[in-house]
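Trainee: Okay, handing you the structure first.
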Amino acid sequence: MDFTFTEQQRDFRSTLRAFVDKEIVPVASEYERSGRYPTEIVEHMKKMGLFGITTPEEYGGSDLDKVSFTLVYEELARGWMGIAGILGSHNLSCWMVARHGTDAQKQELLPKLAAGTYRTGVGLTEPGAGTDLQGIRTTARRDGDHYVVNGTKTWITNARHANILPVLVKTDTTATPPHKGMSILLIDTTTAGFEVQRDLGKLGYKGTESCEIVMTDVRVPDSALLGGVEGRGLQQALSGLEIGRLNIAGRSVGIAQAAYDAALGYAREREAFGQPIAGFQAIQLKIADIATQLQAARLMTYWAASRADGGNRVDMEAGMAKTFASETAIMASLESMRIHGGYGYSTEFVVERLYRDAPLMAIGEGTNDIMRTVIAKALVAGHGVIG
């Protein structure tokens, strides 16, 4: 059993780490406080090819292995989780188009998306439908060779920067069960009636926008139907969320790593009662717990990613990795804050931002309670085996 990276993966991680340490870490807190969009960082990521990591090489992407895929999000989130979010929704959308799109859709969109000249996200969640996607109310009524779309989507990452947005709709509101009437349309965001109505205020996850979108009689050509066949939208979305959970697991590991680094560095430097606080057993126990759970989360994430690389179904594995890693990120950020004492509550130290960013990892791409049901169903059905 080999727990090491390939030489290519090691080199890739080194490149990512150098980029994060030089371009993101020094400016993240300042950008977040000022509300400045990280345009320069985004342009650098385009040059590095990071907008094409789930796009096949024939369309200009790099189609990274899934372990390297998780490394991207781990390293970016170590610097600033919001930056990882900009790529996360984009690459999930690219993956869905690459896997489910028609040849014409792939040829038209993927080269532009891989280069970052086109940006994208994913339009699934609604004000009244998050976990229960079959409860969405956005409709797409057929009108000749077009669909007429009406509805609202919320918590949409990259909404103000997306050129094209995959939107989950109901093309048949009478279908039973409802998922048989659900489809995904690749909507041009410049189409009349498509409006980014507002930005949602957030505890953390700054740097990228999260918006509410309203669509009023938006006319979408039928050539924009993902895959060209109605009724497959929910399956297409759920297949994308499977790799999205690897993304969240990687981000969680990055947050936990940053929290650990901050805790260890502070404990070595901060003195109390005539010695560094790292010499006190109470602090040592906290550091040991953070480090142990961090490494366990990292290995579980790489395990799930490697299973995906083997062509396996990984709903259970990705669910386990996402759940464990996100809970680890929450624990690590809180314990790091406690080690920092009063300074942990100050915006002058990075741990305060980590503490605000971590909770989203337990919610995004399916809440951890839902993940536990996914894991259990896989075990009961025999799709997943432990031991």
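Trainee: Looking at the range 13-158, I'd like the Rg to Rh ratio, where Rg is from alpha-carbon atoms and Rh is Kirkwood's inverse mean 1/r. Show your work: numbers first, answer last.
Mentor: Details: Rg = 17.1 Å, Rh = 16.8 Å.
Ratio of gyration radius to Kirkwood radius for the range 13-158: 1.02.
Trainee: If you don't mind, there's one more thing I want to ask. Per residue, how much accessible area does the range 274-387 show when a 1.4 Å probe rolls over the protein heavy atoms, in square angstrom? Walk me through the numbers on the way to the answer.
Mentor: Details: 5470 Å² over 114 residues.
Here the residues of the range 274-387 average 48 Å² of exposed surface.
Trainee: When the dipole is taken about the Cα centre of the range 182-242, and only Lys, Arg (+1) and Asp, Glu (-1) are charged at their Cβ, what size is it in debye, to the nearest 20?
Mentor: Working: 5 positive and 9 negative charges, 37 e Å.
For this selection, approximately 180 debye.
Trainee: Would you grab the residues whose amide H sits under 5 Å from the one on residue 164? Only those 5+ places off in sequence or on another chain, please, with H modelled 1.01 Å from N.
Mentor: Those qualifying (amide H under 5 Å, at least 5 residues apart or on another chain) are 119, 189.
Trainee: Would you count, across the chain, every pair of lysines whose alpha carbons are under 19 angstrom apart, provided the pair is eight or more residues apart or spans two chains?
Mentor: Lysine pairs meeting the criterion: 9.
Trainee: While we're on this one: Run a plain Debye calculation on the chain (Cα atoms as equal point scatterers, no solvent) and give log10 I(q)/I(0) at q = 0.09, 0.11, 0.13 Å⁻¹, rounded to two decimals, same order as the q list.
Mentor: Taken in order of the listed q values, log10 I(q)/I(0) reads -0.52, -0.77, -1.06.
Trainee: Next question, about the same structure. Can you tell which of 269, 230, 352 shows the greatest fluctuation in a Gaussian network model of the chain with Cα springs below 10 Å?
Mentor: Of 269, 230, 352, the Gaussian network model singles out 269 as fluctuating most.
Trainee: Over the chain, what percent of the accessible surface lies on carbon and sulfur atoms, probe 1.4 Å? Before the final figure, lay out each step's value.
Mentor: Working: 8660 of 16980 Å².
C and S fraction of accessible area: 51 percent.
Trainee: With a ≥ b ≥ c the root eigenvalues of the C-alpha gyration tensor of the range 115-187, is it rounded (a/c under 1.5), prolate (a/b larger than b/c) or oblate?
Mentor: Working: a/c = 2.37, a/b = 1.40, b/c = 1.69.
Here the range 115-187 falls in the oblate category.
Trainee: If you consider only alpha-carbon coordinates, what radius of gyration and Dmax does the range 280-387 have, in Å?
Mentor: Rg then Dmax for the range 280-387, in Å: 16.2, 50.
Trainee: Run the numbers on the range 197-308 and let me know its relative contact order in percent, using alpha-carbon pairs under 8 Å that are six or more apart.
Mentor: On the way: 49 pairs, mean separation 21.1, N = 112.
That works out to 19 percent.
Trainee: Can you work out D for the range 201-247 in µm² s⁻¹ from Stokes-Einstein, where Rh is the Kirkwood radius over C-alpha pairs, the temperature is 10 °C and the viscosity is 1.306 mPa s? If you can, show how the numbers build up before the last one.
Mentor: Numbers: Rh = 14.1 Å.
Value of D from the Cα-based Kirkwood radius: 113 µm²/s.
Trainee: Compare 181, 344, 35 in a GNM of the chain, Cα atoms joined below 10 Å, and give the one with the largest fluctuation.
Mentor: So, out of 181, 344, 35, the one fluctuating most is 35.
Trainee: Over the range 113-171, give the accessible area per residue in Å² for a 1.4 Å probe, as an integer.
Mentor: Details: 2250 Å² over 59 residues.
Here the per-residue accessible area is 38 Å².
Trainee: Another one. Tell me the relative contact order for the chain as a rounded percent, counting alpha carbon contacts under 8 Å between residues six or more apart. Mind dumping the intermediate values first?
Mentor: On the way: 725 pairs, mean separation 60.2, N = 387.
For the chain, the relative contact order is 16 percent.
Trainee: Dividing the convex hull volume of the alpha carbon atoms of the range 104-151 by its residue count, what do you get in Å³ per residue? Provide the component values of the computation, followed by the final result.
Mentor: On the way: hull volume 5.9 nm³, N = 48.
For the range 104-151, the hull spanned by Cα atoms encloses 123 Å³ per residue.
Trainee: Taking the chain as a Gaussian network, Cα atoms linked when under 10 Å apart, which of 19, 349, 69 shows the biggest mean-square fluctuation?
Mentor: Result for the chain, Cα springs under 10 Å: 349 fluctuates most.
The values are calculated or read from the model by the stated rules, or taken from the named source; none is laboratory data. Since this is a predicted model, take the numbers as computed values, not measurements. Quick reminder, even Gly has a Cβ in these numbers, built from the backbone with ideal geometry, and neighbours come from all protein chains shown. Each accessible area value is taken on the protein alone, full model and side chains, heavy atoms only, with ligands, DNA and RNA left out. Shrake-Rupley method; radii C 1.70, N 1.55, O 1.52, S 1.80 Å.
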